[in-house]
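Any read-out appearing in this document is the output of simple, stated calculations on the displayed coordinates, not a laboratory observation. This one's a predicted model, so the numbers in the text were calculated from it and none came from an experiment. Cβ sites come from the backbone with ideal geometry, for glycine too, and all protein chains shown count toward neighbours.
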Amino acid sequence: MNTPLAGKAPTVLLAAVALFLVVVMPSLNAAGVVSDFTLNTWGKYVCYAILAIAVDLLWGYTGLLSLGQALFFSLGGYMMGMHLMLMIGKLGAYKSDLPDFMVFLGLKELPDFWQPFYSFPFAALMVLTVPAVLAVIFGYLAFRSRIKGVYFSILTQALTYGAALMFFRNDLMMGGNNGFTDFRTVLGADLRSPEIKRALYLASAISLTAVFLFCKWLTTSRFGLIQRAIRDSENRVLFSGYSAANFKLFVFVISAVIAGIGGALYVPQVGIINPSEMMTEKSLEAVVWVAVGGRGTLIGPILGAIGVNYLKSWATTEYPDLWLIILGATFVIVVLFLPKGLVGVPAQIKAIIDRRKALRKDRADDLAEITPSPEAE
Amino acid sequence: MMPRAPRNPVGFGRWILAFLLCLALLLPAVMAQEAARKSAREIIGEAAITLDADQQKALVGTLADADPEEVVQWLKKWKEGEIYLFQNADGVDVAVTLEGDPDAEDKFALSALATGKAVTGPDGAVMRATKDELYLADTDSGLRKVMKGVTDRIALASTDYKKRLQAVQDTGLEQDPAKLVLLEQRLAVEQDTQIRNALAEAIAMTKLRAEDAVVRQAAVLELGDMGSIAAQGAIKTVRAEAEKAGQVSLVAACDKAQRDIESHISRVNTVGTLFRGLSLGSVLLVVAIGLAITFGLMGVINMAHGELIVVGAYTTYLIQNLFAAGIKMSPFGLKIDIPGMNLSGGAWDCYFLVALPASFLAAAGVGLLLERGVIRFLYKRPLESLLATWGVSMVIQQLFRLVFGANNVQVESPAFLSGNWTVNDIVFGWNRVFVIAFAVLIIFLTWAVLNKTSLGLLIRAVMQNRGMAACMGVRTERVNMMTFAFGSGLAGLAGAFLSQIGNVGPNLGQNYIVDSFMTVVVGGVGNIMGTVISALGIGMADQSLQQILGNPVLGKILVLGAIILFLQWKPSGLFATRSRSLD
């Protein structure tokens, strides 16, 4: 089952994309050809691409459509955001050591669970740990009771919805409605300087490459084989003596961690994180990227995330009223007519041409049979 | 106008003095007689220029017999300082009101209070003056008390049921012993049981201020028996005083009354919570029943279900406008102008009865298009139908925004759905009662369609075994179409209903989509009865948790958590459809 969905993108193309993202873009920016704003936007796209890979690992490779990946993405973002909030220090509007929203809520001292976030390594660890722990708990419950297919989707949607409701509350001490914003420094450097922006972009692009290579290795290993077997027929996997639940749980956790990394890189570049980032719509949007790019491939989600968001940036300025219609219609068309996404288009065209050829050949053969050759007589 | 004593000629000395004294004593009574024939404006006009405080109070006191509405209106103006005194050319004070807007010199046209006619000068022109040139007819606290007495008396006798009830309750809360007589008089003539109860409560509350400790104790116990929520604070005060004064039995009575009232409150809350839970459950049920058909029976994940609800809600909005002022919109540069019927009252209320079938048909139509255009290609790929319908839902949402605007639109409830019914302090809103009845009706209709019609038979046959049904000559494509349209129509009905209990906006559907999917999953896919039970269960759990935790959002989060745990125990919902197939 390697070929139909996971069509092999030529290595040259992959290398070209990686080279473009990691080397060309930042060099052009340093040379002044690409503006800081554009680079920052691309940094955002790259983080989205990481999220898209996380979605694809679950959906394209394991057949689990999770509508909760935006939750893990935001959780990673929130963990990084907590550290960045504390780094604002006395520069905030209230000139207090506490983050502004806490002063606003009338807090006198930092809640205990915020204390360790003064340390960057701890925050970085939490970026990985918190999404993973949530994924373990939820995944264990869901896969143990063999919830699958659309039920899994609906449950993850409910999980996301519940979590968003929770983060909207002020007494969670996570900024409530407004979330975290107004970040100043990271690791002692000014977040607003072009150098740091470039460094953040570079970190995102390198992370994306690393995530890509990791997933490439994972999906081509024996593990990946079982993963795809689960997607295609879970019962046969079960009957062959594999514990499908454990495999699914493992993929779910890996995917959550990848999404978390994406979120953690996203927040310092965008400068804001709030509960609307974890709504179901965001998860579904990530699913759109994967569907458009081509699920079951690793290059597809990257192309999809960058392409759709590029389109979004353009359409929301040119046709703000029509953007949602364009996005929705794209989605319907892709689902109906391009099940393998953009990556699958060449194969689809080839299939059509082949069918035409076969048809023509058949017809020619038929004609040959019907018209008896005069020599035969 | 006022009888004035003539100048005091020296000779009559003492006689005249005696006469004057008599006159002064008689004066109020005489004036009252005179006043009864006068209108409220005249009396107030007169009272306003009277300098003597006692005479003024007496005059105001006579107002209780005048036209109630006029009295309330003008006394209010007096209290709020809208009545001025103006000295006319003859040097006589006249009470006036200011008419219209000030002119360039800040002068107002004057109108005499007593007659309501413009004040004219010697030349016949309307007199004008600035506020500074006039004296404000002010009121002191003594006079205001008398005014309050008059308005209270008027309110207690009001012919309007609601106003009378409100007046009785307000008077009870004032606890003014002077008003006891007033309340008792009213009780003697009052016919309505509910107001009689309120009067009894008000009287008991007023008696809490009685001098006699025995009367107070009796009143306290009476209030306890009534379970009077309003009296809680007053009883607390009585208890504190009694404790200070060392009246042991009164303190005990207060404690007992407080316990009684508290148990009454908890009873009211419990019943109220159950009622709200039932109505929320019914809302969920109405919203989820369409989904139970499209998702439960057909297995189609229709993420645009919420938008079908909105289609129904906006249809109701349009029908409402059609019955009123008409529809004026200009979406996409098209000018739509449909004249309305400009109905009001009972005829306008009927719009809802038209809106119900209209919203069913509109949503069913959209559902039909959706099925033909998108879903029929995806019956074998449920995950993809989820994604495609989500795309459709975004498109529809945005279309709504473009056509109706991003803001909520106002749908007014017909008179028979607004208002409420209070029994024993428990409030039953008509619209909530209605949703329960509506849910019962829809369930019955759905059940009847599925079990008693030939369409229902075909639907069940196709859902159970598509291949076999097709072999028997059932046109499965057509059945799919009809089933989906039916489920969508039910969503439209839900929308018509939701428009009565909340705002109608492009995002309305999104608020319900998660809840309704949860309801169907918990109920057990493919089982209408399961949906009913799970909707009521989730509604009850939600409302009870809200009551216990005192926080709606936390309650909702707990319910979502509970659902996830529940599915551990019963992964395929309350009523699982048994099947031998593995997937």
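Relative contact order for the range A:98-238: 11 percent, from Cα pairs under 8 Å spaced at least 6 residues apart, divided by residue count. Pairs of Cα atoms nearer than 8 Å and 6+ residues apart set the relative contact order; for chain B it is 14 percent.
Between the range A:24-65 and the range A:214-229, the alpha-carbon centres lie 23 Å apart.
Residue pairs exceeding 25 angstrom between C-alpha atoms, taken from A:LYS44/A:LYS90; A:LYS282/A:LYS340; A:LYS216/A:LYS312; A:LYS44/A:LYS108: A:LYS44/A:LYS90; A:LYS216/A:LYS312; A:LYS44/A:LYS108. Extent of the range B:474-531 along its three principal axes (Cα atoms, max minus min coordinate, largest first): 43, 24, 17 Å.
Simple spin-label estimate for A:THR11 and A:ALA351 gives 2.8 nm between the two label positions (7 Å along the Cα-to-Cβ direction from each Cα).
State whether chain A is rounded, prolate or oblate according to the following rule on the C-alpha gyration tensor (a ≥ b ≥ c being the square roots of its eigenvalues): a/c under 1.5 gives rounded; otherwise a/b larger than b/c gives prolate, and the remaining case gives oblate. Prolate shape, in that a/c is at least 1.5 and a/b is the bigger ratio. When each full DSSP H helix of chain B is screened for a Cα extent of at least 30 Å along its own axis and an average Kyte-Doolittle hydropathy of at least 0.0, the helices passing are B:13-36, B:248-291, B:351-373, B:382-404, B:430-452, B:476-501, B:528-549.
Listed by chain and number, the lysines placed with their C-alpha closer than 18 angstrom to that of B:LYS570 are A:LYS148; residues fewer than eight positions away on the same chain are left out.
Between B:ALA324 and A:SER96, the FRET efficiency from the beta-carbon distance, with R0 = 51 Å, is close to 0.40. Value of Rg to Rh for the protein assembly as shown, rounded to two decimals, is 1.12; Kirkwood radius and Rg both from alpha-carbon coordinates. Around the amide H of B:ILE83, modelled in the peptide plane, lie the amide H atoms of B:ALA137, all under 5 Å away and 5 or more residues distant in sequence or on another chain. Between the alpha-carbon centres of the range B:76-130 and the range B:434-448 there is a gap of 64 Å. Where in chain B is the longest stretch that carries no trypsin sites (Lys or Arg not before Pro) classed as loop by DSSP and with at most 10 other Cβ atoms within 10 Å? The longest such stretch corresponds to B:118-334. Between the C-alpha center of the range A:134-159 and that of the range B:461-518 there is a gap of 25 Å. Listed by chain and number, the aspartates and glutamates whose C-alpha is less than 14 Å from the C-alpha of A:LYS248, apart from same-chain residues fewer than 8 away, are A:ASP56, A:ASP232, A:GLU234. Checking every one of the GluC sites (Glu not before Pro) in the range B:137-230 against DSSP loop status and a limit of 16 other Cβ atoms within 10 Å picks out B:GLU211. Scan the range A:116-217 for trypsin sites (Lys or Arg not before Pro) in coil per DSSP, keeping those whose Cβ has at most 16 other Cβ atoms within 10 Å, and list them by number. Taking the range A:116-217 and a limit of 16 other Cβ atoms within 10 Å, the loop trypsin sites (Lys or Arg not before Pro) found are A:ARG146, A:ARG169, A:ARG184, A:ARG192.
Only aspartates and glutamates eight or more places from B:LYS328 in sequence, or on another chain, were considered; those with a Cα closer than 12 Å are B:ASP337. Full extension of the chain segment joining B:GLN568 with B:TYR135 gains 147.9 nm, where the gain is 0.36 nm per residue of separation less the Cα-Cα distance. Measuring nothing but how far apart in sequence close Cα pairs (under 8 Å, 6+ apart) lie, relative to its length, chain A scores a relative contact order of 31 percent.
Applying 0.36 nm per residue to the separation of A:ALA189 and A:SER313 and subtracting their alpha-carbon distance, the gain on full extension is 41.8 nm.
One decimal place: the segment B:LYS107-B:ARG478 gains 125.7 nm when fully extended, by the rule 0.36 nm per residue minus the C-alpha distance.
Note on B:ARG144 and B:LEU173: the model spin-label points, each 7 Å out from Cα along the C-beta direction, lie 1.8 nm apart. Once you sort the root eigenvalues of the Cα gyration tensor of the range A:149-279 as a ≥ b ≥ c, which label holds: rounded (a/c under 1.5), prolate (a/b larger than b/c) or oblate (the other case)? It comes out oblate by the Cα gyration axes.
If R0 is taken as 35 Å, the Cβ-Cβ distance between B:GLN87 and B:ASP54 corresponds to a FRET efficiency of 0.90.
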